[in-house]
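J.: Starting off with a structure, shown below.
The values are calculated or read from the model by the stated rules, or taken from the named source; none is laboratory data. This is a predicted model, so every value here is computed, not measured. Glycine gets a Cβ as well: all are built from the backbone with ideal geometry, and neighbour counts include every protein chain shown. Keep in mind that these areas ignore ligands, DNA and RNA; they rest on the heavy atoms of the full protein, side chains included. Shrake-Rupley method; radii C 1.70, N 1.55, O 1.52, S 1.80 Å.
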Amino acid sequence: MAIKKETPARNATHSVAGGKYIFVVGGVMSSVGKGIAASSIGKILQSRGYKVTNLKADMYVNLDAGTIRPAEHGEVFVGEDGIEADQDLGNYERFTGQTSTRDNYITTGQIYAEVIRRERNLEYGGEDVEVYPDIPKEIIRRIEACQKKNNSEIMITEYGGTVGEYQLLPFLEAARMMKSKNPADVFIVLISYLPTPSLLGEQKSKPTQHAITDLYSVGLNPDFVICRADEPATADIKRTISNVCSLPIERIISAPDVYSIYDVPVNFEKENLGSTLLEAMGLQTKEKDLSDWTAFAEKIKKINKTVKIGIVGKYFNFKSCKDTYISVIESINHAAWGLNYKPEIAWLDSEKYENNKKLLSELDNLDGIIVPGGFGKRGTEGMILAADYARRNKIPYFGLCLGMQIMTISYARNVLGLKDANSTEMNPDTKYPVISTMQDQIEKIKSKNYGASMRLGTYPCALKAGTVARGAYGQNSIDERHRHRYEVNNAYVKPLEEAGLVFSGTSPDGNLMEIAELPKKEHPFFLGTQFHPEFLGRPLSPHPLFTAFVKACLTAGRPA
Ligand code: GLN
């Protein structure tokens, strides 16, 4: 076989560009908390004074997560620059405070699109372009570019999926290429799972051994194995795994189920993961400062008073609504915990109210409701009924994006008297389009240009003095992340305001309604945002609107 001459596009992506690289890969099965493990590794290394950056690489051919069904694949997290990404970017932000952008998110689709773009540009100098080595090299280039841009000392790259999957091969090959060139700078952390079959009642390590063999077969040896399980890994299991992969026993880390995800970094440090990792990487161990985080993780375990919050939505398939609404749930958690309450969340499928309005009385048992984001007509009539019920019965209501549009429609129908008012998303021919297609979206929808084409990412919003929103934020101007195609129709702003609805946040030019609310004297909390505040909630600094909402839930003073 002729030896290929390296072309510029090929040899541009060869090296390890500085810093240390940790690859987090899954074995045995998915959904065992790989994202939380990657976030926690970031957190503990950061707490020891290192600049870390987390990146997620997903195996699918989609260019981003924007067109993926949330009930099946989890929430679409929106980065500051508008990237529609996997929910793990939200975990990274919540754990390390990283601001995510498109540099932190890779998919197979993006890698191929770039390689094909270069091929069309003749950047491969007449060579044929091949899955190996051109695809892994582009993966390496992206990881290194992220490291450089963030000037990070430690890059943590989490691979979606589990070893043994066909689609993961180019990604594992990228890690192998980097590691073989710079073994002292590249580390593989396998997140595995130890099942405890109920008939046996003891942990089994065999599936983990198979995952390790799968890694061997692609030329990789794990440097650390993190053992997810119901209970801590037994000494025997740790010994077996350490023998199988010829690793010192302190590199086999126990990761049992915990009270909250925020315990995971604390738990990792109990297993000395921070210092063992740094030693392995040849970096100074440095003192850790996880005290605020540890105190927070401990404090929340002691909270026993509860606040009951209903989520009136439609992406429930009961096995995964936690993933579908993860940023909403976490933002509720942060705010409730900050007020020393433990949230109890009820999942309320809005469609059922459409057939039986009497069921709305179940909202009386709650301290407040949230209508989160969503797309399409299904379930929206039930949400509109729920918003009206909450308004009439003074039940705190918080609308997130679609939830703000829903409360506006409900107000237009029931207070302004515009019967059948709607959004053009739900009914393009509605007589009263109080929510209408954004001007720049009209052509996009016509030409079925649905990918990455919404109003996405961070935009500023000016707040009106004396409003609930202004009081909650304590400042005049804010920046929040967006993901929508529809907006309040300006033709209806005046009539809605005259009927009592307050637009307390708008784009700085006043043209786009960003927050709608009722004054405090009218309602304990009836507020919706066109943006998604849930993307900016952090465990130690809850989002001010979520805090204001939970406070209202605690003080609304409705009869029990
Ligand atoms: N479907 C609505 C829109 O596109 C709301 C979107 C959302 O909730 N993220 O405007």
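J.: Only residues that are among the aliphatic types (A, V, I, L, M), touching a helix residue (DSSP H, G or I) at 6+ places or on another chain (Cβ under 8 Å) and open to solvent by less than 10 Å² (accessible area, probe 1.4 Å): list them for region 404-419, please.
T.: ILE406, MET407, ILE409, ALA412
J.: Could you run through region 520-551 and say how many residues are in a helix (DSSP H, G or I), more than 16 Å from the ligand (Cβ to nearest atom) and among the hydrophobic types (A, V, I, L, M, F, W, C)?
T.: Within region 520-551, residues that are in a helix (DSSP H, G or I), more than 16 Å from the ligand (Cβ to nearest atom) and among the hydrophobic types (A, V, I, L, M, F, W, C) number 4.
J.: Separate question: The conditions are (1) within 30 Å of PHE296 (Cα to Cα); (2) of a type in the set (S, T, N, Q); (3) open to solvent by less than 50 Å² (accessible area, probe 1.4 Å), and THR234 fails exactly one of them. Which is it?
T.: (3)
J.: Given the condition among the β-branched types (Val, Ile, Thr), within 19 Å of GLY528 (Cα to Cα), within 13 Å of the ligand (Cβ to nearest atom) and not in a strand (DSSP E or B), answer yes or no: does some residue in region 463-483 qualify?
T.: So far as region 463-483 goes, no, none of its residues is among the β-branched types (Val, Ile, Thr), within 19 Å of GLY528 (Cα to Cα), within 13 Å of the ligand (Cβ to nearest atom) and not in a strand (DSSP E or B).
J.: Condition first: modelled with pLDDT of 90 or more and among the hydroxyl-bearing types (Ser, Thr, Tyr). Now tell me which residues in region 1-35 satisfy that.
T.: Listed by number, the list holds a single entry, TYR21.
J.: Out of SER192, SER180, report the one residue that is polar (S, T, N, Q) and not in a helix (DSSP H, G or I).
T.: After applying the criteria, what remains is SER192.
J.: Just to be sure I understand, how many residues within region 427-456 are part of a loop (DSSP other than H, G, I, E, B), surrounded by 19 or more Cβ atoms within 10 Å (Cβ to Cβ) and within 13 Å of the ligand (Cβ to nearest atom)?
T.: Number satisfying all stated conditions: 1.
J.: Write out, first by first residue and then by second, each pair whose Cβ atoms fall under 6 Å of each other, whose residues are 6+ apart or on separate chains, and whose first residue, in region 435-450, is modelled with pLDDT under 85 while the second is among the β-branched types (Val, Ile, Thr) and near the ligand (Cβ under 10 Å from one of its atoms).
T.: Final answer for the pair search is none.
J.: Within region 381-402, count every residue that is in contact with a strand residue (DSSP E or B) (Cβ under 8 Å, 6 or more places away or on another chain) and either among the aromatic types (Phe, Trp, Tyr) or under 11 Å from PHE526 (Cβ atoms) (or both).
T.: Selection size over region 381-402: 8.
J.: Among the listed residues GLY42, GLY35, GLY82, GLY66, identify the single one that is part of a helix (DSSP H, G or I), within 15 Å of the chain's Cα centre (by Cα) and in contact (Cβ under 8 Å) with a residue 60 or more places away in the chain.
T.: GLY35
J.: Moving on. Scan (1) modelled with pLDDT under 95; (2) touching a Gly at 6+ places or on another chain (Cβ under 8 Å) for the single condition GLY376 breaks and write down its number.
T.: GLY376 satisfies every listed condition except (2).
J.: Quick check on region 359-381. Is at least one of its residues within 15 Å of the ligand (Cβ to nearest atom) and assigned to a helix (DSSP H, G or I)?
T.: yes
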